[in-house]
Structure formats: structure tokens, C-alpha cells
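The values are calculated or read from the model by the stated rules, or taken from the named source; none is laboratory data. Since we're looking at a predicted model, the values are computed, not measured. Heads up, the Cβs are rebuilt from the backbone with ideal geometry, glycines too, and the neighbour counts pull from every protein chain shown. Just so you know, the surface numbers come from the protein's heavy atoms only, side chains and all, with ligands and any DNA or RNA stripped out. Shrake-Rupley method; radii C 1.70, N 1.55, O 1.52, S 1.80 Å.
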Amino acid sequence: MTTSNIWVVVEPVNGSLSATSLELLSQARTLAGSVSAITWGGAAHAAQAGEYGASTLYDVGDLAGALPGASVARAIAGLVAAGIPDAILIPASYDGRDIAARLSALVDRPVLTNVSGLADEDGLVTEHQVFGGTQVVRARFTGEGPGLVVVRAKSFIAEPSGGPAASVVAAPVGETGRTATARVTASHVEERVGPKLEEAPVVVSGGRGLGEAGQYALVEEAARLLNGAAGASRAIVDAGWVAYSHQVGQTGKTVKPTVYIACGISGATQHMVGMKGSKNIVAINKDPDAPIFQIADLGIVGDVRTVLPSLIEALKARAS
Amino acid sequence: MNVVVCVKQIPDPAAPQSLDAAYNLNRSGKLILDEADTYGVEMALQLVERAGGGEVTVVSMGSAADVSGLRNALAMGASKAIVVSDDALRGTDALGTAKVLAAAIAPVAPDLVLAATESSDGYTGTVPVQLAELLDMPSITFAKSVAVEGSNVTVQRQTEAGYDEVSAPLPAVVTVTAGVVEPRYASFKGIMAAKSKPLEVLSVADLGLAAQVGPAGARQAITSVVAAEARQAGAKYVDDGEGAAKIVAFLESIKVL
């Protein structure tokens with residue numbers, strides 16, 4: 001059985017569809033003849049969904065402040081009852097994971113998460129990086145469809161197909177009972193300066209090797225001088241040195257910059273998965289056996305608290 | 001207020017990990033309480049203390065042969081533990097796990113169910129919300145703070161841009177991030193008390209879920225495991241004062257500078 005019909009959950013973010021949504025539409029187009037998209041609160045996204053290959057955009061409508069998970073999953077379950085796709089692709093975002101989990105339980109179908117590759121080999125094959133990205137697990141669904149596939153950011157390249165605007169079809173939510181009663185009452189945006197972590201061509205990240213929270217300022221300074229973004233390992237986010245929005249790794253952001261500079265990061269499994277796709281990797285760590293050196297194009301065995309200030313001085317000297 | 005915390009005993013993440021012949025994670029070594037779950041246990045204990053009464057119950061699926069991780073949660077202050085343990089559960093997927101946990105949790109009738117956002121071994125990250133759906137509860141994921149006021153739970157939920165304030169009526173499922181609270185260490189008194197706290201072991205038959213668990217219930221299969229494309233390690237220098245200069249030269253070579 002080959003794959004002919006794929007649905008993609010596309011997530012509205014600040015008046016556009018999220019980057020991962022566009023990556024998934026692009027990949028879906030290469031796998032299946034028919035690609036449909038599902039979104040919420042957004043007939044306005046018909047042009048963009050069509051531009052990236054969706055022929056139909058199912059719109060769940062305004063959620064009136066409810067978290068999307070339960071409502072969007074119910075709308076999709078309603079669509080599935082009328083016509084079953086081969087697979088439903090969902091971005092691995094906060095809301096995407098909620099939708100996938102709710103939908104899985106609603107339609108009683110399995111979900112495969114942390115997917116970083118997709119192929120059609122007589123049916124859909126998913127790829128998952130395990131053990132710090134050292135091994136790739138390939139898996140497939142064995143029962144009746146649709147299989148639910150949650151895909152990590154930056155697994156595919158977003159490429160417009162130049163297609164016409166998708167035709168918009170309303171997808172009613174139906175009865176939600178108690179499940180959709182979680183409501184957003186306020187949103188807080190944490191101010192960031194410089195480019196976004198996921199988009200920056202240069203990422204400078206700090207870890208435990210910095211020694212203390214105050215030293216993270218060195219990472220931010222180096223990032224600023226390189227017109228890059230500052231990232232962090234889970235260890236120092238958990239320790240409260242820096243906000244979660246800086247976290248790179250399995251549970252944080254996936255980055256693929258031109259160069260990734262890891263400062264005092266040993267290279268735990270959890271971190272490597274989020275950055276090993278970087279084009280170039282520079283690592284500074286005082287432990288010569290730190291796993292991060294195994295994937296670094298340039299490794300400096302030394303104390304980040306002396307190397308980083310020297311680097312900052314050198315960059316300032318160049319700028320002046 | 002009664003709180004259930006979903007916990008998992010996992011192979012020590014610091015030890016080398018491997019898959020067995022059936023592509024299941026090798027769990028034959030020592031198991032520990034997933035560190036990610038200690039935040040939920042601590043949060044639950046604090047919420048119950050603040051509410052002025054109630055119980056924290058930890059619920060787990062996995063081998064009952066080694067329950068030191070669950071005893072650890074009891075030593076922190078949880079009142080009792082329920083573990084669903086059965087050879088038939090080997091190879092159960094996320095949805096099957098959620099079905100098992102839902103069946104074990106429903107009779108407890110908790111006001112709140114807490115879980116980590118994902119386990120540190122499987123990383124699937126869907127079980128808590130699948131569980132919420134099966135229990136007909138609202139869910140709020142990725143909490144960085146949790147407060148209960150009256151019959152509502154209010155959460156600061158992480159977003160791409162910062163955080164949202166989200167509120168839901170109880171009973172509800174909330175997943176907590178590492179760092180939501182600082183987990184306490186079990187006291188000697190707590191460790192001694194944990195030895196006599198109730199630890200209930202249930203089988204799949206007890207829950208009436210036979211057909212929905214194990215590899216058959218998973219309806220997905222690993223077809224192969226291959227080595228990832230290896231990255232070649234490049235030059236490595238011991239910093240002799242020239243480390244920064246070497247980085248600048250490298251950045252020039254790739255035209256970042």
C-alpha cells in the first residue's frame with residue numbers, strides 16, 4: 001500500500017503558519033498526491049497553506065481562548081470519521097503534542113513522536129534519533145490508519161510549490177465535555193534581543209562549565225558580537241540560570257545554524273539531538289573526553305571562563 | 001486534596017543504554033525513579049500541604065521486581081504507591097500505557113493528576129494528555145508553576161515566546177517541567193516510614209485490558225535500527241592562550257567573520 005493521502009496539522013503563529021508546519025506540508029507533498037491541512041482560527045491561512053502544497057484547508061474556527069489540544073483533536077476525529085487519510089503529520093510543538101495525544105486517544109490510533117525523517121516504502125516509514133542521535137530507529141504502523149506522526153522542527157526543508165490558495169472547509173469541533181475547559185487568561189512575551197534562536201546563523205550556548213549563573217552574560221555577549229543567539233543546555237535551565245526559551249536539545253529547541261559554539265557543555269544525549277545538525281560545531285570544554293568533542297569541527301580543551309573572555313576581546317578588537 | 005503523580009522507573013540515564021533483540025529498551029540493570037518525576041512528586045506534596053490535607057498517590061507501570069524508585073517517592077512523602085506490573089506489558093506503546101494508567105487512576109478519583117512532560121528514557125511525551133482524554137479531564141502541559149485555588153488549577157505554561165497563564169477546573173491533568181519546584185531529599189525518617197507505606201501491585205487482568213497492551217496493542221513496529229551518519233571530529237587543541245585565536249580563525253574559514 002503506498003501513501004496517497006496525508007493530512008498536516010498547521011499551526012498559526014503570529015499571523016502566519018509556523019515554520020515546522022510549512023516543512024511538514026513540503027515533505028507531505030513529496031510523499032502523497034493529496035495533501036490537506038488542518039488549522040484553527042484561520043481561513044486567512046488558505047493562501048499560505050496552498051502555496052506549500054495543501055489543496056484543502058480544514059478550519060476548526062475560533063477557540064475562544066481554549067488551549068487547542070482537545071478541540072482541534074475532536075474536529076480532526078470528526079474528519080477521520082468521514083474519510084481516513086494514510087497519515088496525519090503534526091508539528092512537535094507545545095500545542096502539536098497536545099493535539100496528537102488527544103487525537104490518539106479519541107480515535108484509538110497509535111502515535112509516533114520525535115520523528116526526524118519520513119519515507120514511503122510500501123507505507124510510511126518514520127525515523128527517530130535515539131541515544132543522543134548516535135542511532136536511528138526506523139518504524140512503521142502495523143494496524144489500520146491513520147497513523148499519527150509528530151515531527152521535530154527542521155527535519156525537512158520548507159519549499160513553496162506555488163500552488164493556488166487551498167479551499168477552506170469548516171471542521172466543526174462537536175461536543176468537548178470537560179476536556180476543552182483549559183483556558184488561556186493571559187500571555188506573557190519574554191523580551192529577547194537579536195535573532196531568534198531557531199533562525200540565527202550563529203548560536204553560542206552555555207552549560208555547567210560556566211560555573212555560575214552570572215557567567216552566562218559571557219555567552220550572551222559573544223552571541224551579540226557574532227550577531228547570533230544565545231542558547232543553553234538543559235542543566236543550566238533546570239538550575240534556573242536562564243529561561244527555558246534558551247534551551248537547546250531534546251526537550252528544547254532544535255537548531256541548525258551555520259556555526260554552533262558550545263561553551264562548557266559536555267554533550268549529554270539530550271543536548272546533542274538538538275544541535276548535531278549544525279553545519280559547523282565549535283566546542284570549548286575543560287574535559288578532553290567530553291562527548292561534545294566527538295562531533296566538534298574545532299575543539300578547544302580549556303576553561304570556558306578564560307577562553308570566552310579572550311574570544312570576546314578578539315571579536316571586539318575586530319569590530320573596532 | 002488528593003493528587004496522583006504518574007511516575008516511571010527507568011534505567012539510569014548516566015549508564016550506557018541499548019536496545020534488546022526485540023528493539024525494546026534494555027531495562028535489565030538497576031532502575032531509578034526518573035528525575036523528571038521528582039518535580040511532580042514535590043509539586044504534589046506542596047499542593048497537598050497548602051490545601052491543608054489530602055493524599056499523594058504515585059502510580060506507575062513497570063516491573064514490580066525493583067520498586068526502590070517508588071519507595072523513594074514514598075520516602076519524599078507520598079502516602080501510597082500503585083504499580084501495574086505484568087509480563088504482558090512488555091512492548092506496550094504510549095496509548096497502551098495511558099490506558100493502563102487511566103484504569104489504575106480512575107478508582108482513586110483524584111482532584112489533580114501530575115506528570116512530567118515526558119519520560120527521560122522513551123521521550124514520547126504523549127502519555128499524560130492521552131490519559132487526560134481517557135479520564136475525560138482538561139489538561140495543561142509544560143507547567144512552570146502550578147497553583148490550586150478553590151476548584152481551579154492555574155498554571156504558567158511555557159510557550160515559544162514566553163509563557164501563558166492557563167486555568168482549568170479540577171479534576172485536571174497537569175504536566176510539569178523540571179525546575180517547577182526544587183525536589184526535597186528524603187529524610188532518614190521518611191525513608192524508614194516509606195518501608196511500611198502501602199504499595200499495591202496490579203496485573204493487566206485486574207484492569208481488564210489484555211488485548212490493548214503489549215506489542216499487539218501497540219500497532220507499530222520498529223523495522224530496523226541503524227547507526228546515524230557519523231560526524232567526523234575535527235581538530236582539537238589544548239588551550240595554551242591561543243584558543244580564542246583558533247576560534248576566530250575557524251570562524252573566518254567558514255566566512256562567519
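In summary, the lysines within cross-link reach of residue A:286, defined as a Cα separation below 22 angstrom excluding same-chain residues under 8 places away, comprise A:276, B:236, B:246.
The label point for residue A:82 and the one for residue A:43, both projected 7 Å from the Cα toward the Cβ, are 1.5 nm apart. Residues in region A:1-158 average 31 Å² of solvent-accessible surface per residue, probe 1.4 Å, ligands and nucleic acids excluded.
Set against the 2.2 N^0.38 Å expectation for a compact globular protein, region B:1-154 has a Cα radius of gyration ratio of 1.01.
Mean silhouette area of region A:182-301, derived from the convex hull of its C-alpha atoms and averaged over all directions, reads 7.8 nm². Local charge sum around residue A:83 (other residues, Cβ-Cβ under 15 Å, Lys/Arg +1, Asp/Glu -1)? That works out to -1.
Mind checking the full-extension length gain between residue B:216 and residue B:28? Use 0.36 nm per residue of separation minus the Cα-Cα distance, one decimal, nm.
Numbers: separation 188, 0.36 × 188 = 67.68 nm, distance 2.23 nm.
So the extension gain works out to 65.5 nm.
Under the √(5λ) rule applied to the eigenvalues of the Cα gyration tensor, what semi-axes describe the equivalent ellipsoid of chain B? Give them in Å, descending. Present the calculation step by step, with values, prior to reporting the outcome.
Values: eigenvalues 256, 127, 78 Å².
Its equivalent ellipsoid spans semi-axes of 36, 25, 20 Å.
When the solvent-accessible area of region B:2-217 is split by element, carbon and sulfur atoms take up 53 percent of it, the probe being 1.4 Å.
Once the Cβ-Cβ distance between residue A:30 and residue B:193 is put in as r, and R0 is 45 Å, what FRET efficiency do you end up with, to the nearest 0.05?
Details: r = 59 Å, r/R0 = 1.31.
Here the calculated transfer efficiency is 0.15.
In this structure, residue A:169 and residue A:16 have a Cβ-Cβ separation that, at R0 = 25 Å, corresponds to a calculated FRET efficiency of about 0.75. Which part of region A:244-265 falls in the paramagnetic zone of residue A:279, meaning amide N under 17 Å from the point 7 Å along Cα-to-beta-carbon? Within reach of a label on residue A:279, which here means backbone N under 17 Å from a point 7 Å along Cα→Cβ, region A:244-265 contributes A:255-262.
Computed on the protein assembly as shown, the Cα convex hull volume stands at 151 Å³ per residue. Shown for region B:108-137: residues covered by the partner protein chains by 40 Å² or more of accessible area relative to the chain by itself (probe radius 1.4 Å), namely B:118, B:123, B:124, B:126, B:129, B:130, B:133, B:136.
Taking 7 Å steps out from each Cα toward its Cβ at residue B:87 and residue B:182 produces label points 4.7 nm apart.
When restricted to Cα atoms, chain A yields an Rg and a Dmax of 21.3, 65 Å, respectively. Out of all DSSP beta bridges with both ends in chain A, state the antiparallel percent to the nearest 5. Close to 25 percent. Between residue B:232 and residue B:12, the simple spin-label model (points 7 angstrom out along Cα→Cβ) gives 3.7 nm. FRET efficiency for the pair residue B:106 and residue B:254, taken as 1/(1 + (r/R0)^6) with r the Cβ-Cβ distance and R0 = 35 Å, rounds to 0.05.
In region B:238-255, the residues whose accessible area drops by at least 40 square angstrom when the other protein chains are added to the isolated chain are B:239, B:244, B:247, B:248, B:250, B:251, B:254; the probe is 1.4 Å and only protein heavy atoms count.
Once A and B are treated as a pair rather than alone, how much accessible area drops out, both sides summed, in Å² to 100, probe 1.4 Å? The partial results should precede the final answer.
On the way: alone 15000 and 14320 Å², together 22470 Å².
Chains A and B together bury approximately 6900 Å².
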